[in-house]
Amino acid sequence: MRIGELAARTGVSVRSVRYYEEQGLVSSTRSPSGQRHYTEHEVDRVRFIQRLYEAGLSSRTIAEVLPCVNAPSQENSDAALERLAQEHARLSHHIEELVRTRDSLEELMAAGRAHRDALVRESAAA
C-alpha cells in the first residue's frame, strides 16, 4: 500500500509516517519511481507506535523499546520493561514538579486576593 493509504488506515498524517520512517520506526520499499510502499504489517506497527506516543514516549525511546517487538526474547522484553519503568519514573517526577508549581501559583493567587480584599476594605472605610 502507498503512504496515503497507510496514513488513512492508521489515522496519522502522511508527514507522521514519513517521520516514523526517518526515525527507523517503520520501513518501506520503494517503487522504481521512488514511491514508498508498505505492507499490511506496517498498519499494526504504526498503530502500536501511536500508542507509545500517547503514553508520552519520544521517538528515541520508542526506538529503544521496539526490539521487543522486532525480535521477541526475554532479554529484549526485560530491556523494554526497564526502559518503560524509567519513563514512568521520569513522568512521575515531572508530575510532582507540576503539582508543586501549581500549589505555589495557588498560594500567590490567594495572597493576591487577600491584598485586593484589603484594598477594597480600605477604600470602603475611607
Open item on the list: So in the stretch 1-15, with the set limited to residues that are assigned to a helix (DSSP H, G or I) and not charged (D, E, K, R), which one is surrounded by the most Cβ atoms within 10 Å (Cβ to Cβ)?
Closed with: Leu6
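Rundown of residues vs (1) of a type in the set (Ser, Thr, Tyr); (2) under 14 Å from the mean Cα position of the chain (by Cα), yes/no style:
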position	(1), (2)
Ala7	no, no
Glu42	no, no
Arg60	no, yes
Ser77	yes, no
Leu81	no, no
Open item on the list: Quick check on my filter: what residues within the stretch 51-76 are without any contact (Cβ under 8 Å) to a residue 40 or more places away in the chain and either in a loop (DSSP other than H, G, I, E, B) or aliphatic (A, V, I, L, M) (or both)?
Closed with: Leu52, Ala55, Gly56, Leu57, Ser58, Ile62, Val65, Val69, Ala71, Pro72, Ser73
Open item on the list: Can you confirm whether Ser104 is surrounded by 10 or more Cβ atoms within 10 Å (Cβ to Cβ) and in the same structural domain as Gly24 (by TED's automatic domain parsing)?
Closed with: no
TODO: Kindly indicate whether Thr29 is touching a strand residue (DSSP E or B) at 6+ places or on another chain (Cβ under 7 Å) and either of a type in the set (Ser, Thr, Tyr) or free of Cβ contacts under 8 Å to residues at least 12 places away in the same chain (or both).
DONE: yes
Open item on the list: Based on this model, can you work out whether Ala118 counts as in contact with a Cys (Cβ under 8 Å, 6 or more places away or on another chain), without any contact (Cβ under 8 Å) to a residue 60 or more places away in the chain and surrounded by 10 or more Cβ atoms within 10 Å (Cβ to Cβ)?
Closed with: no
- [ ] Inspect all residues belonging to the stretch 52-74 and state whether any of them is farther than 30 Å from Glu5 by Cβ and surrounded by fewer than 10 Cβ atoms within 10 Å (Cβ to Cβ).
- [x] yes
Task: Residue in the stretch 49-58 that is among the charged types (D, E, K, R) and farther than 17 Å from Ser13 by Cβ present - done: no
Task: Residue, nearest to Arg51 (Cα to Cα), within the stretch 16-37, restricted to residues that are of a type in the set (Lys, Arg) and surrounded by 14 or more Cβ atoms within 10 Å (Cβ to Cβ) - done: Arg18
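The values are calculated or read from the model by the stated rules, or taken from the named source; none is laboratory data. The structure presented is a predicted model; accordingly, all values stated were derived computationally and were not measured. Counting neighbours? That spans all protein chains shown, and the Cβs are built from the backbone with ideal geometry, glycine included.
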